[in-house]
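Notes to accompany the following structure.
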Amino acid sequence: MEEPKIIINTTMTKDDYRNFLYIATFRRNKIVIPMLFLIALFGSMIISFDNGQFSLTRFMTSLLFLSVLSITVVIFKVERKNAQRVKTDKTGTFDSINTLKFYDDRIVMENEALKSTAELKYDQFFAVMESKDYFIFYFTVNQASLVRKKDIDNANAFKEFIVDKFKGKYKNI
C-alpha cells in the first residue's frame, strides 16, 4: 500500500473560521475594497452637486462617510455570517481534528469526530491559496478547507510540495 508523502493533523477553531471569512472577503479578491471605494466615490459625486454647483466640502465629507459605511456593512455581514455558522454548528466541526494525507496524486481527508473520509485528486480542486497563517484548499469557488500553518511540521517543504502539485491553481494572498 502506498504511503502518504505528508500527513497533517489540523483543527479549525471558531477564530480560524472568522479569520478565513475575512481572508475570503477582502484578500482572496483584491478588487473588493477598490470597488467599495468606487461606489462611495460615485455616491459622493452625486451628493456633492447641488443646482449645478460642486461642493468640495460636501464631496469629501460624503466620500469619507460612504467609504466607512460600505466597509462597515461588509464587516457586519462577515460577522453575522460567522455568528450564524458558529451558532448553527451541530456537527462538531470546530476544534475537531482533521487528518490530511497527501499522496503523489491525491489528498485523503479524514475526521474521526465527524466520521467522514474524502479523497480528491489534485486536479479536482478549484484553487489553493496561502495566507500568512493558513493554506486554504478550495474545492469549489465557495467551499474550502483550512490547514493552519502552525499545525505543519515543515511549512517550507509543504509549500514546495503544494506549489508543485497545484500548478496554475496556487496563489499567495
Seminar exercise, completed: Residue pairs qualifying under the 8 Å Cβ cut-off, at least six apart or on distinct chains, with the first in segment 144-165 being in the same structural domain as E130 (by TED's automatic domain parsing) and the second being assigned to a loop (DSSP other than H, G, I, E, B) and modelled with pLDDT under 85, are S145/F139; L146/M12; R148/M12
Exercise. Does T117 qualify as being in contact with a strand residue (DSSP E or B) (Cβ under 9 Å, 6 or more places away or on another chain), surrounded by fewer than 17 Cβ atoms within 10 Å (Cβ to Cβ), free of Cβ contacts under 8 Å to residues at least 12 places away in the same chain and part of a strand (DSSP E or B)?
Worked result: yes
For this session: Kindly indicate the residue of segment 51-98 that is among the hydrophobic types (A, V, I, L, M, F, W, C) and not in a helix (DSSP H, G or I) and also farthest from N142 (Cα to Cα) among those meeting that condition.
Result: F54
For this session: Being within 41 Å of the chain's Cα centre (by Cα) and on the phi > 0 side of the Ramachandran plot is the filter here, so list the residues in segment 47-63 that pass it.
Result: none
For this session: For N19, indicate whether it is out of contact with any Asp or Glu (no Cβ under 6 Å at 6 or more places or on another chain), modelled with pLDDT of 85 or more, part of a strand (DSSP E or B) and at negative phi.
Result: no
Exercise. Restricting attention to segment 95-107, which residues are at pLDDT 75 or above and not polar (S, T, N, Q)?
Worked result: I97, L100, K101, F102, Y103, D104, D105, R106, I107
Problem set entry | Those residues of segment 70-114 which are closer than 26 Å to A40 by Cβ and surrounded by 13 or more Cβ atoms within 10 Å (Cβ to Cβ), in sequence order | S70, I71, V74, I75, V78, E79, K81, N82
Exercise. For segment 120-173, how many residues are assigned to a strand (DSSP E or B), modelled with pLDDT under 85 and within 11 Å of the chain's Cα centre (by Cα)?
Worked result: 2
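Let's see how each residue does on (1) in the same structural domain as I136 (by TED's automatic domain parsing); (2) without any contact (Cβ under 8 Å) to a residue 24 or more places away in the chain; (3) polar (S, T, N, Q):
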site	(1), (2), (3)
S44	no, yes, yes
F54	no, yes, no
M60	no, yes, no
V108	yes, no, no
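The values are calculated or read from the model by the stated rules, or taken from the named source; none is laboratory data. This one's a predicted model, so the numbers in the text were calculated from it and none came from an experiment. Neighbour counts run over all protein chains shown; Cβ positions are idealised from the backbone, glycine included.
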